[in-house]
1. Based on other C-beta atoms within 10 Å, arrange Tyr97, Tyr45, Tyr103 from fewest to most.
2. How far apart, in nanometres, would the label points at Gln173 and His153 be if each is projected 7 angstrom from Cα along the Cα-to-Cβ direction?
3. Please compute the modelled spin-label separation between His138 and Glu107, points set 7 Å along Cα→Cβ, answer in nm with one decimal.
4. Classify the chain as rounded, prolate or oblate, taking a ≥ b ≥ c as the square roots of the eigenvalues of its Cα gyration tensor: rounded when a/c is under 1.5, otherwise prolate if a/b is larger than b/c and oblate if not.
5. Based on Cβ point charges of +1 for Lys and Arg and -1 for Asp and Glu, what charge dipole magnitude is obtained for the chain about its Cα centre, in debye rounded to the nearest 20?
6. Can you give me the long-range amide H partners of Val58? Hydrogens built in the peptide plane at 1.01 Å from N, cutoff under 5 Å, separation of 5 or more residues or another chain.
7. Cβ under 11 Å from Trp16's Cβ, Trp16 left aside: what net charge do those residues give with Lys, Arg +1 and Asp, Glu -1?
8. In whole Hz and in residue order, list the ³J(HN,Hα) couplings for the stretch 35-49 that follow from phi through the Karplus curve 6.51 cos²θ - 1.76 cosθ + 1.60, θ = phi - 60°; x for Gly and Pro.
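Bear in mind that the values in this text are calculations on the coordinates, not laboratory data. Just so it is clear, the model here is predicted, and its values are computed rather than measured. Neighbour counts are summed over all protein chains in view; Cβ atoms, including those assigned to glycine, are modelled from backbone coordinates with ideal geometry.
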Amino acid sequence: MTSSNQVAVFGGGCFWCTEACFSSLQGVLSVKSGYCGGHIDSPSYEQVCTKTTGHIEVVRIEFDPQIISYQSLLEVFFATHDPTTPGRQGNDVGPQYQSAIFYQDEEQKAFAQKFIAALDASGQFAEPICTQLLPGAHFWPAEDMHDDYFALHPEQGYCQFVIAPKVQKFKKQFLGKLK
């Protein structure tokens with residue numbers, strides 16, 4: 001990472017879905033699935049799935065703010081998951097699927113607070129936003145098998161029925177921001 005690049009860490013449900021969207025944006029240099037916020041070191045996917053570690057599935061996004069702004073990343077984040085359902089995204093249920101932003105500095109925290117307040121005030125969502133705004137926590141990378149999961153396994157059932165429609169909607173909505 002160069003000194004001018006920045007990092008954003010978002011939990012928007014299944015990290016396979018989140019990674020599939022963010023990795024195709026102009027200005028995004030890398031997207032890595034992983035875990036944040038829990039109370040054990042180096043958790044495995046199996047441990048996180050027990051719902052007892054306190055971790056949230058997240059993506060760590062390295063981006064060039066000269067090409068894509070943090071605000072643009074927030075727009076994509078809130079457009080590609082349901083930020084009003086605590087501890088779930090669709091049929092994925094559990095605390096590891098909580099909507100969360102792990103801000104990396106006070107500027108990101110302030111942007112996210114304003115963005116969430118504006119979204120709540122807009123009435124775009126029928127329910128209030130429950131996205132947790134949390135200080136940056138240690139990022140534990142997920143196992144390599146999770147990297148580029150959607151791109152490598154498009155035939156897998158979850159990819160076909162959950163991720164593919166989400167990615168299609170995302171690409172249509174953010175066509176001008178795609179690589």
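1. Tyr45, Tyr103, Tyr97
2. Distance between the two pseudo-spin positions: 2.5 nm.
3. For Glu107 paired with His138, the spin-label model returns 2.8 nm.
4. Note, shape of the chain comes out rounded.
5. Computed charge dipole of the chain: roughly 500 debye.
6. Gly34, Tyr35, Cys36
7. Net charge around Trp16: -4.
8. Computed from phi, the couplings for the stretch 35-49 are 9, 9, x, x, 10, 10, 7, 6, x, 9, 4, 4, 5, 4, 5 Hz.
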